[in-house]
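Report on the following structure.
The values are calculated or read from the model by the stated rules, or taken from the named source; none is laboratory data. Note that the structure is predicted; figures quoted are calculated from it, not measured. What goes into the accessible areas is simple: the full protein's heavy atoms, side chains included, and nothing from ligands, DNA or RNA. Shrake-Rupley method; radii C 1.70, N 1.55, O 1.52, S 1.80 Å.
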Amino acid sequence: MTPLVLVLTYLVILNVLTLGLFWWDKRCAIERRWRLPESTLLTLCLIGGSLGAKTGQGIFRHKTRKEPFRTSLNAIAVLHVGFLAALVLPEFRASVMLLAQQAADLILG
């Protein structure tokens, strides 16, 4: 398997798992049973499951009003979109690298 196929497989599995856990947590909330910690859901989002999380949030209407969870999830999703843009768009990647270099120069003197 190529590295790209491995990364895509990881992301698909992680996002399906995250979507499933949003469904599970919603079911537990409805049935007033033990729930998954928000930190677990946000960790799954952070390591690549933000698409599954946002999809689950929309489909199951789960954790749509819960703060600061909603804000944290949106920030992670924006981070992932920015990271994807940096990988795909060479101009964007170059401008991010330039900003990072300027910040490093400013900090290091």
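The structure shown yields Cα Rg over 2.2 N^0.38 Å, and of the options (1) 1.32; (2) 1.14; (3) 1.00 that calculated value carries the label (1). Rolling a 1.4 Å probe over the protein chains gives L4 an accessible area of about 120 Å². Probing with 1.4 Å while keeping every protein chain in the model, the per residue accessible area of the stretch 3-108 equals 70 Å².
For the chain, which whole percent of the accessible surface, found with a 1.4 angstrom probe, sits on carbon and sulfur atoms? Its accessible area is 73 percent carbon and sulfur atoms.
Under the membrane-span-like helix rule (DSSP H runs whose alpha carbons stretch at least 24 Å along the helix axis, mean Kyte-Doolittle hydropathy -0.5 or higher), the chain yields 3-30, 69-88, 90-108.
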